[in-house]
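Chemist: Below you will find the structure I want to go over with you.
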Amino acid sequence: MSRRVPRSRAVLAAALGAALTAPLALTAPATAATGQYTVTGLKFTVQAGGRTCTIDADLYRPAGVDSAHPAPAVLATNGFGGSKNDGSTDAIGRNFAQRGYVGLVYSGLGFGRTGCLISLDDPAIDGHAASRLLDFLAGKRAADDGTSADFVTLDRPGDPRVGMIGGSYGGAIQLATASVDHRVDALVPMITWHDLAYSLDPNNAVGAGRVPGAFKWQWTNGFYLIGESQPLLQPSLDPSRINSLACLHFVTKACATVRTLNSGRYPADRTEELLDYAHSVSPVSYLHRVQAPTLLVQGQADSLFNLNEATKTYKTLKSQGTPVKMIWQSWGHSGGTSDPADGELNLGAGNLETSYVGRRILAWFDRYLHKQTGVDTGPAFAYYRDWVSDPGSRYATADRLPALGQKLYLSGDGKLVDNRRKVARGSRTYTNWLFPTSHSESSLAGTLGLADPAPYDTKGTHLGWTSEPLARAVDVVGEPRATLKVVSPKAARTQGSGDAADKLVLFAKLYDVAPDGTQTLAHRLVAPVRVPDVRRPFTVTLPGIVHRYEQGHRLRFVIAASDGAYFGNRGIKPVTVVSAPGDTGVLQLPVVRD
């Protein structure tokens with residue numbers, strides 16, 4: 001998907017507001033009927049984050065479901081900037097009501113006509129509010145108008161049989177809710193985050209600890225402006241949605257985090273506050289409390305929340321014994337396909353039974369909501385292959401994640417070789433400029449419907465190592481890794497300043513080079529690195545990909561000084577890479593054999 005971002009933040013805010021919050025103008029009738037189900041608008045007054053606010057929700061009740069014939073429920077909320085009336089959010093209620101589930105779909109805190117501040121799916125705030133909706137589904141409380149639900153299947157008094165599904169912001173809320181309320185029976189979080197510190201300020205250096213990364217300024221400021229513009233885009237807001245003139249619509253700590261990131265500085269005290277807050281509203285800090293069986297669905301085309309995030313969530317849940325499986329679908333925040341003709345899930349089209357991901361979701365809910373213990377919920381891991389022509393065969397499956405296998409070595413002459421003995425001695429140098437000289441993506445261009453230049457790197461500001469043409473196709477499925485050692489006396493002198501911003505920043509990426517020289521950067525994904533200590537070797541985890549490097553193509557590993565979608569180095573920092581047969585960089589690939 002092509003993307004390009006306007007430089008003006010005011011223009012960006014207006015365009016994003018129009019693109020992502022237009023559905024907020026739609027209002028559902030108080031009660032509507034389709035013959036298959038009724039839809040009733042409800043309000044719930046809750047306490048959240050020290051405020052009293054009203055949640056705006058729609059209840060989808062299938063025909064024939066009553067106290068004598070109860071049904072399991074599905075709870076869902078919107079992605080960031082949306083509401084319960086979004087096509088994708090409303091589609092959850094419609095699709096599952098048509099299949100006999102009671103649906104409760106609501107606008108998340110601070111969105112649509114729901115009150116309270118935007119608190120980034122904080123378990124103590126957003127999770128607590130969702131728990132009050134579980135009370136309604138359990139028959140423990142009524143809506144503000146007195147409507148009660150005595151038609152939801154109960155596992156025991158006060159414990160409703162309920163699953164959750166949704167994407168992005170509507171994905172993380174599921175894990176947040178399940179961490180504070182164990183009544184949730186099944187989760188399907190889609191294209192969501194594991195750690196917002198990594199999502200917004202990624203450092204892909206293995207073992208970097210609490211060293212921040214390179215600020216993803218385009219994505220972060222785009223969403224921040226969507227949030228802060230809510231009072232302008234949604235007239236007559238509930239007063240509980242206004243914080244202060246300094247931070248209109250978010251909780252104060254969220255605004256403070258964005259300001260720190262935009263400052264380009266990481267003094268120790270601010271860094272600690274930033275990381276502590278980002279972790280507190282991220283699954284990384286509370287997954288140990290999640291017991292609900294979880295089907296993770298992550299998008300391959302996603303530079304906001306990449307495959308690495310879902311992988312970390314998957315490994316954590318699996319290690320603690322929580323039932324979990326994972327699918328890597330095509331589409332995410334950066335594009336991909338959701339065309340039913342390609343066999344991909346599209347809730348708006350209602351193709352649950354005819355898409356691979358849809359069938360897996362239905363099976364997951366059959367197993368954990370209908371308690372059909374004989375239902376096969378599918379393999380541990382599945383991934384979409386865009387090079388397969390038959391839509392019915394595009395998903396491959398495995399009982400475990402692919403392991404790192406094939407090794408390639410960085411030779412001093414710029415070659416990427418398959419044996420250490422082939423490494424030539426040599427050194428090469430690049431340096432950064434005071435403005436970005438490499439381009440991977442304009443992060444929000446797809447959302448805004450704008451064109452985006454192809455990825456490029458300016459001569460002298462990057463280094464690349466290129467393999468020989470491949471004798472056979474190579475399928476890379478997972479997270480490549482590279483171990484590097486660089487020489488940068490300037491960075492060595494500044495890295496101990498007490499401000500992490502003085503450490504060296506670089507960007508690692510893996511191109512596919514066609515025989516005609518055309519370069520493809522799979523889904524425009526890069527690995528920002530703020531090197532913990534430039535005097536020592538370090539290992540970089542690249543973004544997870546599912547990509548076939550065709551026969552005759554070449555792999556090209558690149559480290560670049562900058563990237564326009566991220567904040568980079570402060571000051572000019574020349575970098576040299578030295579190679580010798582016994583001491584050189586190593587690239588490892590998770591290769592899958594047919």
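Chemist: Scan the strands (runs of 3 or more DSSP E) fully inside the range 433-498 and keep the ones with 1 or more residues being in contact with a Pro (Cβ under 7 Å, 6 or more places away or on another chain).
Modeler: Values: elements: 462-466, 474-478, 481-484.
So the answer is 474-478, 481-484.
Chemist: Which number in (1) in the same structural domain as K371 (by TED's automatic domain parsing); (2) touching a Pro at 6+ places or on another chain (Cβ under 9 Å); (3) within 26 Å of G335 (Cα to Cα) marks the one condition that Y169 misses?
Modeler: Result: Y169 fails condition (2) only.
Chemist: If we scan the range 198-215, do we find a residue that is more than 13 Å from the chain's Cα centre (by Cα) and within 17 Å of Q291 (Cβ to Cβ)?
Modeler: Checked the range 198-215: no residue is more than 13 Å from the chain's Cα centre (by Cα) and within 17 Å of Q291 (Cβ to Cβ).
Chemist: Restricted to the range 51-62, and to residues that are touching a residue at least 60 places away in the same chain (Cβ under 8 Å) and surrounded by 20 or more Cβ atoms within 10 Å (Cβ to Cβ), which residue is farthest from D238 (Cα to Cα)?
Modeler: So, considering only residues that are touching a residue at least 60 places away in the same chain (Cβ under 8 Å) and surrounded by 20 or more Cβ atoms within 10 Å (Cβ to Cβ), the one farthest from D238 (Cα to Cα) is R61.
Chemist: Within the range 329-345, is there a residue that is free of Cβ contacts under 8 Å to residues at least 12 places away in the same chain, within 16 Å of G171 (Cβ to Cβ), surrounded by fewer than 24 Cβ atoms within 10 Å (Cβ to Cβ) and small (G, A, S)?
Modeler: Checking the range 329-345: at least one residue is free of Cβ contacts under 8 Å to residues at least 12 places away in the same chain, within 16 Å of G171 (Cβ to Cβ), surrounded by fewer than 24 Cβ atoms within 10 Å (Cβ to Cβ) and small (G, A, S).
Chemist: Touching a strand residue (DSSP E or B) at 6+ places or on another chain (Cβ under 9 Å), surrounded by fewer than 22 Cβ atoms within 10 Å (Cβ to Cβ), outside any helix (DSSP H, G or I) and not hydroxyl-bearing (S, T, Y), is that true of N203?
Modeler: So N203 fails the test.
Chemist: With the checklist (1) farther than 19 Å from P543 by Cβ; (2) outside the structural domain of K325 (by TED's automatic domain parsing); (3) under 30 Å from the mean Cα position of the chain (by Cα) in hand, flag the one item K459 doesn't pass.
Modeler: (3) is the only condition that K459 fails.
Chemist: Same structure again: If T397 meets every condition in (1) over 30 Å from K318 (Cβ atoms); (2) free of Cβ contacts under 8 Å to residues at least 40 places away in the same chain apart from one, which number is that one?
Modeler: T397 satisfies every listed condition except (1).
Chemist: Can you work out which of the residues in the range 419-452 that are more than 30 Å from the chain's Cα centre (by Cα) and among the small types (G, A, S) is surrounded by the fewest Cβ atoms within 10 Å (Cβ to Cβ)?
Modeler: Within the range 419-452, the match that is surrounded by the fewest Cβ atoms within 10 Å (Cβ to Cβ) is S427.
Chemist: Which one of these is assigned by TED's automatic domain parsing to the domain that holds V324 and part of a loop (DSSP other than H, G, I, E, B): A143, A178?
Modeler: A143
Chemist: For the range 355-398, how many residues are buried (at least 17 other Cβ atoms within 10 Å of the Cβ), among the small types (G, A, S) and either in a loop (DSSP other than H, G, I, E, B) or modelled with pLDDT under 95 (or both)?
Modeler: The number of residues fulfilling the criteria is 2.
Chemist: Here's something else I'd like to know. Being aliphatic (A, V, I, L, M) and either assigned to a strand (DSSP E or B) or without any contact (Cβ under 8 Å) to a residue 40 or more places away in the chain (or both) is the filter; apply it to the range 63-73 and report the residue that is nearest to A172 (Cα to Cα).
Modeler: A73
Chemist: OK, next. If you check D201 against the conditions, is it of a type in the set (D, E, K, R), under 23 Å from A76 (Cα atoms) and in contact (Cβ under 8 Å) with a residue 12 or more places away in the chain?
Modeler: no
Chemist: A further question follows. Only one of L352, L401, L416 is within 25 Å of R161 (Cβ to Cβ) and either among the small types (G, A, S) or surrounded by 18 or more Cβ atoms within 10 Å (Cβ to Cβ) (or both); which?
Modeler: Details: L401 fails: within 25 Å of R161 (Cβ to Cβ); L416 fails: within 25 Å of R161 (Cβ to Cβ).
The conditions single out L352.
Matching residues to (1) surrounded by fewer than 23 Cβ atoms within 10 Å (Cβ to Cβ); (2) in contact (Cβ under 8 Å) with a residue 60 or more places away in the chain; (3) of a type in the set (V, I, T):
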{"residue": "L75", "(1), (2), (3)": "no, yes, no"}
{"residue": "T89", "(1), (2), (3)": "no, yes, yes"}
{"residue": "Y101", "(1), (2), (3)": "no, yes, no"}
{"residue": "C116", "(1), (2), (3)": "no, yes, no"}
{"residue": "H128", "(1), (2), (3)": "yes, yes, no"}
{"residue": "S131", "(1), (2), (3)": "yes, no, no"}
{"residue": "S148", "(1), (2), (3)": "yes, no, no"}
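Chemist: Filter the range 240-258 down to residues that are touching a residue at least 60 places away in the same chain (Cβ under 8 Å) and assigned to a helix (DSSP H, G or I) and give me whichever is nearest to P212 (Cα to Cα).
Modeler: Of everything passing the filter in the range 240-258, A254 is nearest to P212 (Cα to Cα).
Chemist: Listed residues G112, G127; which is modelled with pLDDT under 95 and either touching a helix residue (DSSP H, G or I) at 6+ places or on another chain (Cβ under 6 Å) or not assigned by TED's automatic domain parsing to the domain that holds Q174 (or both)?
Modeler: Only one candidate passes the filter, namely G112.
Chemist: Could you go through the range 563-575 and let me know if any residue there is within 20 Å of G426 (Cα to Cα), surrounded by fewer than 19 Cβ atoms within 10 Å (Cβ to Cβ) and modelled with pLDDT of 95 or more.
Modeler: Yes, the conditions are met somewhere in the range 563-575.
Chemist: If you don't mind, another one. As an exercise: evaluate G464 against (1) closer than 27 Å to D302 by Cβ; (2) surrounded by 14 or more Cβ atoms within 10 Å (Cβ to Cβ); (3) out of contact with any Gly (no Cβ under 7 Å at 6 or more places or on another chain) and give the number of the one condition it does not meet.
Modeler: Among (1) closer than 27 Å to D302 by Cβ; (2) surrounded by 14 or more Cβ atoms within 10 Å (Cβ to Cβ); (3) out of contact with any Gly (no Cβ under 7 Å at 6 or more places or on another chain), G464 violates only (3).
The values are calculated or read from the model by the stated rules, or taken from the named source; none is laboratory data. Just so it is clear, the structure is predicted and the values come from calculations on it, not from any experiment. As a convention, Cβ positions derive from the backbone with ideal geometry for all residues, glycine included, and neighbour counts pool all protein chains shown.
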